[in-house]
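These notes concern the structure reproduced below.
We did not get these values from a lab; they are worked out from the coordinates using the rules stated. In this text the structure is predicted, and so the values were computed from the model without any measurement. FYI the Cβ positions are ideal-geometry reconstructions off the backbone, even for glycines, and counts take in every protein chain you see.
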Amino acid sequence: MLQQTTVATVKGYFSRFLERWPTIKDLAAASQDELMQVWQGLGYYSRARNLHKTAKIIAEQYHEIIPSSYQILIKLPGFGPYTAAAIASIAFKEPIIAIDTNVNRVLCRLFAISSAGAHQKNQVQKMANELTHIEHSGALSQALMDIGSNFCKSKNPRCLDCFLKSDCLAFAKNLQNSLPKKPEKLTRPKRYGHSFIMRHAEQICIEKRPEKGLLAGLYQFPSSEFVNEQTPAYYPVQAEWKHIGTVRHIFSHFELELTLWEAFVSNTNRGIWTNISQLGNYGLPTMFRKALTYIKA
Ligand code: SF4
C-alpha cells in the first residue's frame, strides 16, 4: 500500500483492509470486486490485484505460510527486489539488504556513488552486498532506513549530527547535497477521452472496465478509449447531451484529460444501472470519483 503513497493516506485503508481480511486465507477467498471496493481511491490498482494473486498462491501452494526465502518471494506477483529482501531479511533473517529510497540515498552518499540510473543501482547493490551481515542484515536494513529518514534526508542532510560522518565519502568531499544523482525527468505524454454520464431518476449507468490493462476490472462511467489527440465525442445513445466539465488526472505514465458529458436517458445497452447513493459499493477509480463532483443531484 505504501508504494508511491504516503503513510497518512494509507493508514485508514490499512486498518479497514486488515479488519475485513485478517488472514491470508480470508484475502485469498475475497472476490476482486470486494477488494477493489475497499481499495478505491488509493490508486495504483495493480497493487491490489497482485496482493490478491499472491494471497491465493500462498494459500494454495504454501499452506497459508509466507515463504521465507528471497528467491521464492521475488517470484510472487507484486514483489520486487525491495519487498522480497525486506521480508526475507527482517522477518526471516536472510543475509540480504533491503534497498529502498532511503537506503539508496545513504549508500550513494556514504560511498560517494556519483552515477545515475541503472549504473547507480548496480553500484549501490554491490556496496549493499558487501555490507550484508550473516545474522543482522534485517537490523542493518532497518538502521539504514532510519539513518536515511532521520539524518541523511533528501534535502538538508544533518551531517554534523550523523554518527557516520567520519566514514562518509560524500561528507568528506562536500557532495552530500548533490548525491544521489537523479535520472533525467521524462515529461508525461497527454491523452484525451470522453466519459458519458447517463442518468435516469436516481439511477446512474456504470460499466466494468476490461480485466486487463489500465484500471483493469474497476468500474467507470461508459467512456471512450484514451487516445493521444482530442477527438469528437461519439455518444453511446441518442439524447440531449450536455458538457458538464473536464477532469484531469495524472497516471504514472501519462496525463489524462477527460471530457464529461451528461444526459437523462430511459435506457441504454451499455453497463448496469445503480442508485447514485450506492456508487460507493463499486470500485470507482479516483478520476471517475472526481467526475462525480460535476453531477448535480
Ligand atoms: S554524514 Fe551526511 S551524507 Fe553522510 S551519511 Fe551522514 S547524513 Fe548522510
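Fewest to most neighbouring Cβ within 10 Å: what's the order for 262, 135, 64, 34?
The most exposed by this proxy come first: 135, 64, 34, 262.
Looking only at chymotrypsin sites (Phe, Trp or Tyr not before Pro) in DSSP loops with at most 12 other Cβ atoms within 10 Å, what is the longest site-free stretch of the chain?
The longest uninterrupted stretch comes out as 1-162.
Compute the long axis of helix 7-20 from its Cα atoms, compare it with the longest principal axis of the Cα atoms of the chain, and write down the angle in degrees, 0 to 90, nearest 10.
The angle comes out near 70 degrees.
Zone of residue 233 (label point 7 Å along Cα→Cβ, backbone N under 14 Å): which residues in region 256-297?
258-265, 291-292, 294-296
For region 43-58, take each phi angle, set θ = phi - 60°, evaluate the Karplus expression 6.51 cos²θ - 1.76 cosθ + 1.60, and give the result in whole Hz per residue in order, putting x for glycine and proline.
So the Karplus estimates, Gly and Pro as x, are x, 6, 5, 4, 4, 5, 5, 5, 4, 5, 4, 5, 4, 5, 4, 5 Hz.
Determine the gain in length on full extension of the stretch residue 167-residue 266; use 0.36 nm per residue of separation and subtract their C-alpha separation, reporting nm with one decimal.
My answer for the length gained is 28.3 nm.
Multiply the residue separation of residue 275 and residue 149 by 0.36 nm, subtract the distance between their alpha-carbon atoms, and state the gained length in nm to one decimal.
That works out to 40.7 nm of additional length.
Report the relative contact order of region 133-268, percent, no decimals, based on alpha-carbon pairs under 8 angstrom and at least 6 residues apart.
So the answer I get is 23 percent.
Using the 10 angstrom Cβ neighbour count as an exposure proxy, how do 190, 155 rank, fewest first?
The order, fewest Cβ neighbours first, is 155, 190.
At 7 Å along Cα-to-Cβ for each site, give me the label-to-label distance between residue 4 and residue 253 in nm.
A separation of 1.0 nm, rounded to one decimal place.
Could you grab the relative contact order for region 190-292? Cα pairs under 8 Å, six or more apart, rounded to a whole percent.
39 percent
Per 0.36 nm of contour for each residue apart, how much would the distance between residue 136 and residue 75 grow if the chain were fully extended, relative to their Cα-Cα spacing?
Extra length from residue 136 to residue 75 when fully extended: 19.5 nm.
Order of 168, 152, 159 from fewest to most other C-beta atoms within 10 Å?
The fewest-first ordering by Cβ neighbours comes to 159, 168, 152.
Using only Cα atoms, tell me the angle between helix 137-150 and the longest principal axis of the chain; keep it within 0 to 90° and round to the nearest 10.
70 degrees
Using a ≥ b ≥ c from the Cα gyration tensor of region 1-139 (square roots of the eigenvalues), is it rounded, prolate or oblate, where a/c under 1.5 gives rounded and otherwise the larger of a/b and b/c decides, a/b for prolate?
The shape class here is prolate.
Using the Kirkwood radius over Cα pairs, work out the Stokes-Einstein diffusion coefficient for region 122-177 at 37 °C and 0.692 mPa s, in µm²/s as a whole number.
266 µm²/s
Between helix 101-110 and the chain, what is the angle of the helix's C-alpha long axis to the longest principal axis, kept within 0 to 90° and rounded to the nearest 10?
30 degrees
Nearest 0.05, what FRET efficiency do residue 200 and residue 14 give at R0 = 51 Å with Cβ-Cβ as r?
Rounded to the nearest 0.05, the efficiency is 0.85.
Seen from all sides and averaged, what is the projected area of the convex hull of the Cα atoms in region 44-112, in nm²?
Here the figure is 5.4 nm², rounded to one decimal.
Using Cα centres only, tell me the gap between region 223-250 and region 134-212 in whole Å.
33 Å
Above 25 angstrom, tally the Cα pairs of region 190-292 and express them as a % of all pairs, no decimals.
Of the Cα pairs, 13 percent sit more than 25 Å apart.
Which whole-number percent is the relative contact order of the chain (Cα, under 8 Å, 6+ apart)?
16 percent
Which whole-number value in Å³ per residue fits the convex hull of the alpha carbons of the chain?
161 Å³
Just the Kirkwood number for region 58-159, please: inverse of mean 1/r across all distinct Cα pairs, in Å, one decimal.
One decimal place: 14.3 Å for the Kirkwood radius.
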